Structure formats: structure tokens, C-alpha cells
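> To start, I am sharing the structure in question, which I have written as C-alpha cells.
The values are calculated or read from the model by the stated rules, or taken from the named source; none is laboratory data. Everything quoted here is computed from the prediction, not taken from an experiment. Methodologically, a virtual Cβ is constructed for each residue, glycine included, from the backbone with ideal geometry; neighbour enumeration extends over all protein chains shown. For the accessible areas, the whole protein counts, side chains as well, though only heavy atoms, and no ligand, DNA or RNA atoms are used. Shrake-Rupley method; radii C 1.70, N 1.55, O 1.52, S 1.80 Å.
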Amino acid sequence: MNAPAPAGRTVARLACPHDCPDTCALEVTVENGVAVEVKGGDMPFTHGVLCTKVAKYLERTYSPERVLHPLKRVGRKGEGRFERISWDEALDTIAAKFKAIAAEDPQQILPTSYAGTMGLVNYAGMDRRFFNRLGATQLERTLCSSAGKAGVKITLGNSVGTNVEHAVEAKLILIWGSNPIVSNLHFWTRCQEAKRRGAKLVIIDPRRNETAEKCHQHVALLPGTDGALALALMHVIIGEGLHDREYVARHTVGFEQLAGRVKEWTPERAAAVCGITAGEIVALAREYAATRPALIRLNYGMQRCHGGGAAARAITCLPALVGDWRYAAGGAVLSTAGFYGLNHQALERPDLVRGNPRTLNQSALGDALTAARPPVKAIYVYNNNPVAVCPDSRKVVAGFSRDDLFCVVHDLFLTDTADYADIVLPATSQLEHHDIHQSYGHIYVLGSQPAIAPVGESKPNAEVFRLLAKRMGFTDACFDDADEDLCRQALESPNPALKGITWDGLKANGWQRLTLADAPFANGGFPTPSGKCEFYSESAARQGLDPLPAYVPPYEGPTSNPELAKRYPLAFISPPNRHFLNSSFANLEFARREAGAPSLEMHPDDARPRGIADGRRVRIFNDRGEFTAIARFNGRARPGVVNAPSVWWRKLSPDGRNANEVTSQALADMGGAATFYDCLVEVAAA
């Protein structure tokens with residue numbers, strides 16, 4: 001229950017809405033209608049601890065830069081000049097435009113949203129109902145994680161894995177494509193406890209990030225080569241007879257085919273691909289096979305490349321091979337979201353779809369806005385800042401610059417994207433609306449209640465779509481559902497893991513735990529078609545994919561594209577800046593002060609022949625575009641790879657550009673995913 005509060009003072013229970021696996025519980029203290037403190041709630045996974053960004057959430061909520069009223073554009077697109085209008089004028093303008101375009105072809109209207117908030121009501125509820133009923137183009141939301149999730153689904157059946165609350169009991173932890181000090185703080189605290197108990201921590205990542213500095217071993221492979229490393233680890237484990245024969249026989253499918261496939265992936269071959277030594281591969285394989293329990297924590301960095309889905313698939317074969325699923329602290333996890341089974345059908349109402357609308361991929365938004373046929377004539381942006389975060393920025397900006405594109409942006413701030421809007425609508429922060437949350441890093445459901453009244457004239461997403469539905473003449477009863485109705489509908493699910501979890505319970509306590517076994521796959525029972533871990537997958541074959549784990553090389557690499565590598569010899573990645581969360585927080589003064597300026601981490605061996613000195617401005621470029629940053633020799637870059645911590649807002653960068661000037665719209669092998677870390681560049685002194 002909420003703590004008793006003195007008169008005029010209340011404490012509200014909320015959830016952090018941002019795109020992070022920790023999904024922290026929050027407690028917000030309010031005095032006389034003003035939030036005065038944000039601290040961590042008592043949910044067991046997060047133990048009352050917040051990251052430094054969310055601990056300063058009031059600076060976001062009460063920022064003087066917040067959009068407080070509806071606005072309409074009065075300057076040229078991109079200038080960011082607006083004047084205040086009323087909500088009625090804004091909604092009437094949007095509805096009139098949408099009606100006119102829909103009368104011609106509703107597919108010419110494109111919703112563009114992502115994970116600016118992860119709450120299900122404001123992320124994927126009334127908005128999906130509205131655009132489904134309108135018959136608008138469907139959006140494939142693929143920027144972050146869809147390749148990895150598709151690969152894991154082939155092997156394990158869904159986005160499921162180890163509950164990392166048990167990580168303290170692990171004897172070996174492989175942190176693969178992740179930087180948990182920055183992006184998975186509460187998992188990292190458990191890693192530290194495991195380390196104190198004697199566990200070994202190994203990080204596998206091209207960058208010597210903040211977490212690598214605290215681990216026993218860093219395997220600094222080249223970007224996009226994780227699948228080759230996983231196959232070579234299996235080569236050693238199977239070749240030396242180190243696998244768990246009983247678990248493999250009882251709870252897996254396709255071992256013999258897998259053994260045949262990995263024979264070709266010798267440590268020497270993989271070492272040449274990955275840019276590491278064969279000795280590192282052999283030693284890691286033997287240590288992993290001999291240590292129980294061992295935990296693999298994947299994150300999304302390793303799947304943002306051409307072979308991202310295949311890599312995630314191969315890595316998640318490893319725990320079954322050595323029998324690690326027998327243990328609560330063993331196994332692997334990319335995401336726990338598949339355990340929840342919330343009622344997304346009730347929230348989104350796909351049955352409302354009119355006709356057979358096309359689907360456009362957000363990872364190729366630049367092409368969608370400049371070349372799609374029929375053309376996109378209206379775009380509605382919410383929970384998203386695509387001008388900053390989508391790949392191949394020049395094409396994205398060209399699309400948003402079109403005078404014939406009607407653009408609406410619903411946001412808390414005048415983002416890079418809002419500068420191109422015809423109408424800007426003020427959005428609520430998490431402190432100002434109801435929502436319900438699942439997680440992709442733990443197994444708790446969280447409820448979030450408004451702590452304060454909406455700031456200015458801001459409105460939550462769900463409310464705006466209810467109002468627009470009425471103006472569009474939609475009479476379906478579902479458009480009358482209140483936000484708390486949506487929260488209840490999300491929980492109306494037959495999933496036994498949700499038994500006993502109610503909206504009233506979440507309102508009272510803030511969180512409730514899914515009912516799951518500590519080691520859910522100790523005796524098999526995977527949510528695959530066979531009920532087993534599938535080394536060989538018939539479902540993959542039916543999709544036209546390789547039924548066995550395979551290595552899919554990067555589009556842009558020295559072996560896969562040697563001609564391109566001659567012109568652009570440096571691999572480029574843009575990992576999260578620890579002071580931002582994607583592009584969220586990047587406009588706030590405290591975050592920019594801590595982040596300093598856009599930087600490019602380089603190895604001195606790469607800088608020296610280019611005449612580049614530490615602290616000097618450099619130009620990063622390829623055929624797609626260029627941007628500038630400050631060179632940093634901080635020990636984080638391996639030879640042949642440069643790192644640009646991101647995502648900076650373009651208009652807050654010295655040259656008005658950011659790292660996505662050079663990234664590609666090419667899609668990964670699975671899930672239609674973005675390939676941000678599959679990119680070659682050259683660097684020169686600016």
C-alpha cells in the first residue's frame with residue numbers, strides 16, 4: 001500500500017516508462033500538487049535504486065523546454081518556428097487532413113511511433129485502434145530488437161530465458177553485446193554480488209565499455225561477427241565431448257545436424273573472422289562447458305547487423321548444449337517479454353483493420369517517405385524522434401522536408417522531428433497518466449498512476465486518439481474505453497503466469513510478480529513447436545531460413561565487401577551514450593553537461609596514420625553522409641573499430657548532424673531489423 005502521507009502530501013506508485021530492461025518501480029512524492037521527489041520503489045528486482053537519469057526525472061517533468069500548448073508551424077519546415085493554437089483547432093485540422101487523405105487512400109497516412117514510452121496504454125493501445133480503424137499503413141517497428149527476438153524465437157520458441165534475479169548464484173557470466181552498467185543497472189548489481197562470491201565475468205563486445213573495465217576478461221571481437229564466435233564455441237564443446245548428453249538427448253532437437261554444421265567452424269576460422277585469437281575461443285569454450293551454472297546475458301547491441309538474428313539464434317543454442325537450463329542461474333536471456341502473455345489483441349484491436357493495408361518498415365523510413373507508392377501524405381509521430389534516431393538521416397530529413405507531407409508530432413519537447421511538424425501536440429510525462437508495464441529484463445508487472453495533473457495543456461496519447469476518433473466519426477464502443485479500462489483489458493489473459501494479477505492489485509502495491517518456476521526449462525517445456533530447444537528448426541525452414549544455426553556476415557566488412565573496405569576501412573558503431581536513453585534526455589541540460597560533446601572513440605593505431613590527435617575534431621564519412629565529433633583516445637576502441645556514443649539530437653550538435661548520417665537502411669537477416677552497427681566509414685581530421 002502507499003505509505004501514509006501527511007495532509008497536502010501524497011506518495012504515488014509509478015513505473016519508469018523508458019526503453020530499458022530494468023523497468024524500475026518509482027515512488028513520487030507530491031506536495032500541494034507539485035512533485036518534489038522521485039525515488040525507487042520497493043519492487044524486489046530494482047530494490048529502490050534508480051539510474052542517474054531517472055533520479056533527476058523532475059528536471060524532465062518540469063523542464064522549461066516542455067511543450068505546454070498545441071502549436072502550428074509558421075516558418076519553413078525544419079526551422080522550428082510555431083505559434084500557439086487551441087486543442088480544438090489542432091484536432092480539427094488533423095481530422096480534416098486525415099479525412100481528405102483517407103477519402104483518396106488511407107494507406108497514405110503513416111503512424112510512426114516507437115518506445116519513447118514502454119507503457120502499454122500509451123505505447124500500443126488506443127493509437128493502434130485508431131489507425132487500424134482508419135485503414136492507415138501499418139508500421140513495422142524494427143529499430144531496436146526485432147532481429148534478435150526472431151532468432152531467439154526459432155531456438156527457444158519465444159522471448160523467454162533466465163530470470164536474472166538468480167544471477168548472483170552463477171559461477172560464470174557472459175555479458176554479450178551489452179553494457180549493463182549503463183543499460184541494465186540492476187542486473188549489474190547482481191553480477192557484482194556473483195563476482196564477490198567467486199564468479200568470473202566475461203564480456204564479449206567490440207568496445208571496451210564501462211562494464212568491460214569491471215570484468216575479468218574482455219573478448220573484443222569485430223562488429224557483426226558474434227555468430228561466428230558462437231559456432232566456434234560449439235565446435236569445441238561438441239568436438240571435445242563437453243556437452244551434456246542427457247539434456248541434449250531429452251530436451252533438444254537436431255543435435256546431429258548441429259554437430260555436422262559446426263565442424264566447419266574451427267577456432268582458427270572464427271578467429272580470423274572475429275579479429276581475436278583461436279586461443280581465446282578454445283579457452284572460453286572449455287571454461288563455459290566446465291562451469292555450472294553459467295549465464296549468458298545477451299543484449300541488443302550484438303544483433304544490429306546483417307546476421308543479427310542468426311547470431312542470437314546460435315548463442316541461445318549454447319545453454320541447452322551444456323545443460324545449463326537445469327539451473328535457475330543458468331541459461332541465457334535476451335528478453336523476458338514472452339513470459340507475460342498480456343492481452344495485446346484486446347489493447348490493439350486488429351479486428352478493426354479495414355481492407356488490406358500495406359506495411360512499411362521503420363528501419364527504412366527514409367525510403368518510405370521519399371519513394372513509397374502510393375506516397376505517404378500524412379505522418380503522425382509519437383513516442384519517437386525519427387529525424388534523430390532512424391538510419392540514413394539524409395533520406396529521413398529529405399522525407400520530412402517535403403512540403404506536401406502533413407506532419408503531426410505529439411511530444412514533450414520540440415525534438416529534431418518536431419521542427420518539421422505542421423502541428424505539434426503537448427504530451428504528458430509518466431507522472432501525469434495511467435499505464436501498465438511489462439518488462440524485457442525481469443518478471444514483474446507494474447502499474448503506474450498519475451502523481452500530478454497534466455502540466456500545461458498536455459494530454460496522454462490515449463486521450464488524443466479518443467478525441468480524434470470522435471472527430472473522424474468512429475462510433476465503435478472501444479473508443480470510449482478509459483485508460484484504466486485498457487489496463488484491465490491488458491490483464492484479461494488465460495496465461496497462467498498472470499494468475500492473481502489484477503489492476504486493483506497493481507494500483508495498491510505498484511507491482512506483482514509473474515508465477516513462474518525458478519528454472520522454467522529444467523525439464524524442457526520450451527514454447528517451440530516441438531517443446532524442445534530446437535537446434536534444427538522446421539519452422540525456420542518453412543520461413544525460407546536456414547534450419548540450422550549459421551553465420552551471416554556483415555553487409556559492410558573487410559571479408560564480405562573488400563572493395564568498400566578499401567575506401568572505408570573502419571568499422572563504425574554508435575552505442576548508447578550513458579547520459580542519454582536513445583534520444584531521450586539528450587536535450588536536458590544536466591545530461592548534455594555530463595555527456596560533453598559528440599565524440600568518436602579511436603584507437604591510437606588508427607588515428608596516428610591519419611594525423612589525428614586526441615581531443616581534435618574529426619570528420620566521419622562514407623557514401624551516405626558525414627558528421628563531425630571530437631576524437632577520444634580513452635582506451636575504449638579496439639583497432640579497426642571506431643565508436644560514437646549516441647544518440648545526440650542533430651540541432652544540439654555543433655554541426656547539426658549525428659551518427660545516423662552514416663548508418664544504413666539495409667535490413668538484418670530476420671525481423672526486418674535495423675543494422676546500425678553494420679557500417680564502414682573513414683575518418684579524417686576536420
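> Looking at (1) open to solvent by 20 Å² or more (accessible area, probe 1.4 Å); (2) under 30 Å from V389 (Cβ atoms); (3) in a helix (DSSP H, G or I), which is the only condition S560 fails?
Result: S560 fails condition (3) only.
> Moving on to the next point. Do the conditions hold for S159, that is, is it in contact with a Lys or Arg (Cβ under 6 Å, 6 or more places away or on another chain), open to solvent by less than 50 Å² (accessible area, probe 1.4 Å), within 28 Å of A312 (Cβ to Cβ) and modelled with pLDDT of 95 or more?
Details: in contact with a Lys or Arg (Cβ under 6 Å, 6 or more places away or on another chain): yes; open to solvent by less than 50 Å² (accessible area, probe 1.4 Å): yes; within 28 Å of A312 (Cβ to Cβ): yes; modelled with pLDDT of 95 or more: yes.
Criteria met by S159.
> In this structure, does P529 turn out to be open to solvent by 60 Å² or more (accessible area, probe 1.4 Å), within 30 Å of T336 (Cα to Cα) and either small (G, A, S) or touching a Ser or Thr at 6+ places or on another chain (Cβ under 9 Å) (or both)?
Values: open to solvent by 60 Å² or more (accessible area, probe 1.4 Å): yes; within 30 Å of T336 (Cα to Cα): yes; either small (G, A, S) or touching a Ser or Thr at 6+ places or on another chain (Cβ under 9 Å) (or both): yes.
For P529, the condition - open to solvent by 60 Å² or more (accessible area, probe 1.4 Å), within 30 Å of T336 (Cα to Cα) and either small (G, A, S) or touching a Ser or Thr at 6+ places or on another chain (Cβ under 9 Å) (or both) - is met.
> Can you find a residue in the stretch 219-226 that is among the charged types (D, E, K, R) and more than 30 Å from A272 (Cβ to Cβ)?
no
> If you take the residues in the stretch 652-667 that are in contact with a Cys (Cβ under 7 Å, 6 or more places away or on another chain) and closer than 16 Å to G224 by Cα, which one is least open to solvent (accessible area, probe 1.4 Å)?
Start the filter on the stretch 652-667 by keeping residues that are in contact with a Cys (Cβ under 7 Å, 6 or more places away or on another chain), which leaves 660, 662-664.
So of that shortlist, the ones also closer than 16 Å to G224 by Cα come out as 663-664.
Details: T663: 1, S664: 16 Å².
So, considering only residues that are in contact with a Cys (Cβ under 7 Å, 6 or more places away or on another chain) and closer than 16 Å to G224 by Cα, the one least open to solvent (accessible area, probe 1.4 Å) is T663.
> Assuming L284 fulfils every condition listed in (1) in contact with a strand residue (DSSP E or B) (Cβ under 8 Å, 6 or more places away or on another chain); (2) over 29 Å from L680 (Cα atoms); (3) part of a helix (DSSP H, G or I) apart from one, which condition is it?
The failed condition is (2).
> Where the second residue is open to solvent by less than 10 Å² (accessible area, probe 1.4 Å) and not in a helix (DSSP H, G or I) and the first is under 18 Å from D546 (Cβ atoms) and basic (K, R) and lies in the stretch 148-166, which pairs have Cβ atoms under 9 Å and are six or more apart or on separate chains?
Here the result reads K149/L334; K149/S335; K149/A673, each pair linking the stretch 148-166 to a residue that is open to solvent by less than 10 Å² (accessible area, probe 1.4 Å) and not in a helix (DSSP H, G or I).
> Right, something else. I need the full set of residues from the stretch 668-686 which are among the aliphatic types (A, V, I, L, M), assigned to a loop (DSSP other than H, G, I, E, B) and open to solvent by less than 10 Å² (accessible area, probe 1.4 Å), in order please. Steps first, please.
We begin by selecting, within the stretch 668-686, every residue among the aliphatic types (A, V, I, L, M); these are 668, 670, 673-674, 680-681, 683-686.
With assigned to a loop (DSSP other than H, G, I, E, B) added as a condition, the list becomes 668, 670, 673, 686.
Of everything in the stretch 668-686, just one residue is among the aliphatic types (A, V, I, L, M), assigned to a loop (DSSP other than H, G, I, E, B) and open to solvent by less than 10 Å² (accessible area, probe 1.4 Å), namely A673.
> Something else: Of the conditions (1) farther than 30 Å from R326 by Cβ; (2) in a loop (DSSP other than H, G, I, E, B), A565 satisfies every one except a single condition; which number is it?
Condition (2) is where A565 drops out.
> Name the strands (runs of 3 or more DSSP E) wholly inside the stretch 288-405 in which the number of residues that are surrounded by 19 or more Cβ atoms within 10 Å (Cβ to Cβ) is 3 or more. Talk me through it step by step, then tell me what you get.
Working: elements: 294-298, 331-333, 359-361, 378-382.
Because the criterion is at least 3 residues that are surrounded by 19 or more Cβ atoms within 10 Å (Cβ to Cβ), the strands (runs of 3 or more DSSP E) in the stretch 288-405 that meet it are 294-298, 331-333, 378-382.
> Residues in the stretch 224-247 that are over 26 Å from A271 (Cβ atoms) and either of a type in the set (S, T, Y) or crowded, with 22+ Cβ neighbours inside 10 Å (or both): how many?
So the count comes out to 1.
> Now a separate question. Identify all residues within the stretch 442-455 that are part of a loop (DSSP other than H, G, I, E, B) and surrounded by 24 or more Cβ atoms within 10 Å (Cβ to Cβ); write none if there are none. Please lay out each step first, then the result.
Looking only at the stretch 442-455, we keep the residues that are part of a loop (DSSP other than H, G, I, E, B), and these are 442-443, 449-455.
Within the stretch 442-455, H442, A451 meet the criteria.
> Check every one of the helices (runs of 4 or more DSSP H) wholly within the stretch 169-279 and list those with 2 or more residues that are under 24 Å from the mean Cα position of the chain (by Cα) and touching a residue at least 12 places away in the same chain (Cβ under 8 Å). Walk me through how you get there before you give the answer.
Numbers: elements: 180-183, 185-196, 226-239, 245-251, 255-262, 267-274.
Fully inside the stretch 169-279 and qualifying: 180-183, 185-196, 226-239.
> Which count do you get for residues in the stretch 193-205 that are under 23 Å from P44 (Cβ atoms) and either out of contact with any strand residue (DSSP E or B) (no Cβ under 9 Å at 6 or more places or on another chain) or modelled with pLDDT under 95 (or both)? So that I can check it myself, show each step before the final result.
So in the stretch 193-205, the residues under 23 Å from P44 (Cβ atoms) come out as 193-197, 199, 201.
Subsequent filtering for residues that are either out of contact with any strand residue (DSSP E or B) (no Cβ under 9 Å at 6 or more places or on another chain) or modelled with pLDDT under 95 (or both) retains 193, 196-197.
So the count comes out to 3.
> Quick one: which strands (runs of 3 or more DSSP E) sit completely within the stretch 19-118 and have at least 2 residues that are in contact (Cβ under 8 Å) with a residue 60 or more places away in the chain and touching a Lys or Arg at 6+ places or on another chain (Cβ under 8 Å)? If you could, list the steps in order and put the result at the bottom.
Values: elements: 25-31, 34-40, 71-73, 82-84, 109-113.
The strands (runs of 3 or more DSSP E) meeting that bar are 25-31, 71-73, 109-113.
> How many of the residues in the stretch 456-465 are open to solvent by 30 Å² or more (accessible area, probe 1.4 Å) and closer than 13 Å to H433 by Cβ? Don't jump to the end; show me each part of the working.
First, the residues of the stretch 456-465 that are open to solvent by 30 Å² or more (accessible area, probe 1.4 Å): 456-457, 459, 463.
Right, trim to closer than 13 Å to H433 by Cβ and you get 459, 463.
Count: 2.
> Can you name every residue in the stretch 4-18 that is in contact with an Asp or Glu (Cβ under 8 Å, 6 or more places away or on another chain), assigned to a loop (DSSP other than H, G, I, E, B) and modelled with pLDDT under 95?
Within the stretch 4-18, G8 is the sole residue that qualifies.
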